[in-house]
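The values are calculated or read from the model by the stated rules, or taken from the named source; none is laboratory data. Just so you know, these numbers come straight off a predicted model, no measurement behind them. All Cβ positions, even for glycine, are placed from backbone atoms using ideal geometry, and neighbour counts span all protein chains on display. The accessibility values were calculated without ligands, DNA or RNA, using every heavy atom of the protein model including side chains. Shrake-Rupley method; radii C 1.70, N 1.55, O 1.52, S 1.80 Å.
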Amino acid sequence: MKNIVVLVSGSGTNLQRIIDTIEAGEIQNAKVALVVADRECYGLERAKNHHIDTVLIPRGKNFSSELAKIIPENTDLIVLAGFLSILKSEFCENWTGKIINIHPALLPKFGGKGMWGMNVHHAVIEAGEKESGATVHFVTPGIDEGEAILQKSFEVIPEDTPETLAGKVHQIEYEIFPIAINKVLGN
């Protein structure tokens, strides 16, 4: 059984999708062993509702060092699911190839500092992009610079708003996140 640690900052919809796909057998031979949040959020409640251990580490300059102390040694994968804090380089390097993130755009476009949530969707609209989507990628010390594992796109239509893009991207995230997790775990 492979152990997954999920890091969250918000409502935990991607966390819920991961839990659901494990329970449905879409992600095989794995379990969410721990959920860590950097702030009070509903993602912690989702984990507790499934009897998954949780830890709250307030965000700040010591977040990565505190996180390093509580990650179980037998962790096979760390998944950032709507996680908004930046992990220190040393932490990323210690877990090279074992940390993944989902980003609400087609990296390398619209990645980096400040490119999260609705900021991304506003930027896509403002740039007049013809397509958008989501990317699951490895986490490295550079923000959103890790190798892409899986991407899926959709056409941006003239009527799209940042809100409609957000809805479309969420649907793609729910679709590709479990596939990418299976790929990284070798399932």
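Laid out as a table, the results:
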item	result
Surface share of carbon and sulfur [accessible, 1.4 angstrom probe, percent] for the stretch 22-134	48
Mean accessible surface per residue for the chain, computed with a 1.4 Å probe while every protein chain stays in place, in Å²	49
Within the stretch 1-32, backbone nitrogen closer than 19 Å to the virtual label 7 Å beyond the Cα of residue 66 toward Cβ	5-11
Under Karplus coefficients 6.51, -1.76 and 1.60, residue-wise ³J(HN,Hα) of the stretch 13-19 in Hz, glycine/proline x	5, 5, 4, 4, 4, 4, 4
Virtual spin-label span in nm between residue 59 and residue 185, 7 Å along Cα→Cβ	2.7
Using alpha-carbon coordinates, inclination of helix 162-185 to the longest axis of the chain, degrees	40
Entry for mean projected area of the Cα convex hull in nm² (calculated from the structure that is shown) out of (i) 9.8; (ii) 12.7; (iii) 10.7	(i)
Residue 145 paired with residue 50, simple spin-label distance in nm, labels 7 Å along Cα-to-beta-carbon	3.2
14 Å reach of a label modelled at residue 74, 7 Å along Cα-to-Cβ, counting backbone N of the stretch 1-19	1-5
Pairs from 61/130; 31/130; 61/109 whose Cα-Cα separation, in the structure shown, is over 32 Å	61/130; 31/130
Lys, Arg +1 and Asp, Glu -1 on Cβ, resulting dipole of the chain about Cα centre, debye, nearest 20	440
